[in-house]
Amino acid sequence: MPSLSDRTSHFTDSVIRRMTRISNQYGAVNLSQGFPDFEPPEEILARLAQVTKEDFHQYSTTWGAQNFREALAAKITHFSGIAVNPNEELVVTCGSTEAMMAAMMSVTNPGDKVIVFSPFYENYGADTILSGAEPVYVPLIPPEFRFDAEVLEDAFRQRPKAIIVCNPSNPCGKVFTRGELMLIADLAKKYDAFVITDEVYEHILYKPNVHTYMASLPGMKDRTITCNSLSKTYSITGWRLGYTQANPEISDRIKKVHDFLTVGAAAPLQEAAVTGLRFGDGYYRDLQEKYTHKRDLFLQGLDSIGLPHTVPEGAYYVLIDISEFGYASDLEFAELLARDVGVGSVPGSSFFKEAENRYVRLHFAKKDETLHEALNRLSDIRRKIKHV
C-alpha cells in the first residue's frame, strides 16, 4: 500500500471528544465537551417544528440562505457597529470549525507561519498544519493569561501570514482588553498580517468585562476575518451553524473553499435559526445573567471543596489546578476523575504548546442540578484519588 499523508501522521483524535466517550463509559457527569444539557430557546424550537412542514429541505444558497445572512448582518451591525453587506461579506458554514478551516485555507500558502496563542482550542494547531502552514506559539501566562508584548512582536518578526485570536478564550476564559487588541492590531498592520478571530463566546461575558470586536478597531475591518457560530449563544451546538465575516475579496475566496469543503450548511436549520438572530437585547442580557449565575454557583462550590481554579472573564470554562495530587500525566488524572469520582474533564495539556500538566478543564454550561451533582461528586475527590 502507498503511505498515508505525512501532514496528518501526528494527529490524534480530539482529546475533548475522547473525554466525552470516557465520561459516557463510566457514567460520569460530563463537564468535558462544551455543550449544554438544557434546551435551546422555545421560539427557535417552535420555528424548527414549523420548518419541517415547509419547503426548506433542499440546498440553500451555498454561502447561506438570503434571509439568514440578512438577519445575521443586522445582528452583527447592532452589536459591533460594523456595517456588514450580507451578500458580499458573510459566508455561512457548517459550524465555526469549518469557518476557521475555510479562513485558513483561503489566506495561507504552504510554508506560511501563523501565530497561535497558547493555551488554544485544540483545532487551531491542526487547522494550521492542514493548511500547510507552520504554527508559531505565543504563551498566555497564567493565572491572568496575559501575553508579553515583546514576545508577541518577536513572533510577528517572523513575518506570519496571520494570527488567530480566540476572544473570549477557550480554554482559559480570558477576555482580551481593548488595549491588548489594539496592540495586536498595530502589530498586524506593521507586519502586514491577517487577524483571524474566533468570537463564538461574544455574548458569554462576566462583568465588568466587555467584548471588543477586532474588526471594529481602526483600520482592521479589511484585515480581519471573523469566525463565529450560533452554537453557544443559542445552545444549538448540534446544528453546526457558523459563519465568516470578512471583506468582499476575502469572502469571495472563502465562498469557493467552503463550496468544495461542505457545499452548504443545513437549509432547514438556517431557516429556524433566523428566529434567534432576530431576538431583542433582552435575550442577551438574560443569557449573561444565566451564565453569571452558573459561574458563581460552580466557582463557589469549587472554593468550598478547596480546589484551586482560574476565574473566567468570559466563555464557560474553568481550569482546575491539580498540582496537589502529583500526577505526571494530566490525562491519567482526567481518566481517574471520570472513573473514580464520576466527573468528566479535559486534560489541560491538550490546550498548551508548553509542557503543562497541572490543569484539567471543566465547563459549567449545565443545569443547576447537574452542577450540584458534579460538585457533590468532586467533594470526595481527595478520598477517591490518592496523592502520588
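The values are calculated or read from the model by the stated rules, or taken from the named source; none is laboratory data. Remember, it's a predicted structure, so these values are computed and weren't measured experimentally. When we count neighbours, we look across all protein chains shown, and the Cβ atoms used for this are built from the backbone with ideal geometry, even at glycine. Ligands, DNA and RNA are stripped out before the accessible areas are found, and what is left, the full protein with its side chains, is counted by its heavy atoms. Shrake-Rupley method; radii C 1.70, N 1.55, O 1.52, S 1.80 Å.
Miscellaneous remarks
- Filtered by the rule that a residue be surrounded by fewer than 24 Cβ atoms within 10 Å (Cβ to Cβ) and among the small types (Gly, Ala, Ser), the range 216-238 gives Ser216, Gly219, Ser231, Ser235, Gly238.
- Note on the range 322-358: residues that are within 17 Å of Pro308 (Cβ to Cβ), touching a strand residue (DSSP E or B) at 6+ places or on another chain (Cβ under 6 Å) and in a helix (DSSP H, G or I) amount to 4.
- Restricting the range 139-167 to residues that are among the hydrophobic types (A, V, I, L, M, F, W, C) and part of a loop (DSSP other than H, G, I, E, B), the residue that is surrounded by the most Cβ atoms within 10 Å (Cβ to Cβ) is Phe145.
- Residue in the range 115-130 that is farther than 22 Å from Arg223 by Cβ, among the polar types (S, T, N, Q), open to solvent by less than 20 Å² (accessible area, probe 1.4 Å) and not in a helix (DSSP H, G or I) present: yes
- Only one of Glu43, Glu70 that is free of Cβ contacts under 8 Å to residues at least 24 places away in the same chain and over 21 Å from the mean Cα position of the chain (by Cα): Glu70
- Residue check, Lys256 basic (Lys, Arg) and open to solvent by 40 Å² or more (accessible area, probe 1.4 Å): yes
- Members of the range 184-226 found to be assigned to a helix (DSSP H, G or I) and either more than 20 Å from Tyr124 (Cα to Cα) or touching a residue at least 40 places away in the same chain (Cβ under 8 Å) (or both), listed by number: Asp186, Leu187, Lys189, Lys190, Met214, Ala215, Ser216
- From the list Leu297, Leu307, Leu302, Leu319, the lone residue that is touching a helix residue (DSSP H, G or I) at 6+ places or on another chain (Cβ under 8 Å), in a loop (DSSP other than H, G, I, E, B) and either hydrophobic (A, V, I, L, M, F, W, C) or under 18 Å from Ile204 (Cβ atoms) (or both) is Leu307.
- Conditions (1) out of contact with any helix residue (DSSP H, G or I) (no Cβ under 8 Å at 6 or more places or on another chain); (2) open to solvent by less than 40 Å² (accessible area, probe 1.4 Å): number failed by Arg285: (2)
- Among residues of the range 305-327 being over 22 Å from Asn167 (Cβ atoms) and free of Cβ contacts under 8 Å to residues at least 40 places away in the same chain, the one that is least open to solvent (accessible area, probe 1.4 Å) is Ile322.
- Looking across the range 180-215, the residues that are of a type in the set (Ser, Thr, Tyr) and surrounded by fewer than 21 Cβ atoms within 10 Å (Cβ to Cβ) come down to Tyr191, Tyr206, Thr212.
- Qualifying residue in the range 72-86 (condition: farther than 17 Å from Thr226 by Cβ, open to solvent by 60 Å² or more (accessible area, probe 1.4 Å) and either at pLDDT 95 or above or not charged (D, E, K, R) (or both)): no
- Count of residues meeting criterion [surrounded by fewer than 18 Cβ atoms within 10 Å (Cβ to Cβ) and either not basic (Lys, Arg) or not in a loop (DSSP other than H, G, I, E, B) (or both)] in the range 48-71: 14
- Every residue from the range 337-357 that is modelled with pLDDT under 95 and basic (Lys, Arg): Lys353
- Residue check, Glu249 without any contact (Cβ under 8 Å) to a residue 60 or more places away in the chain, under 30 Å from Ile225 (Cβ atoms), of a type in the set (Asp, Glu) and open to solvent by 30 Å² or more (accessible area, probe 1.4 Å): yes
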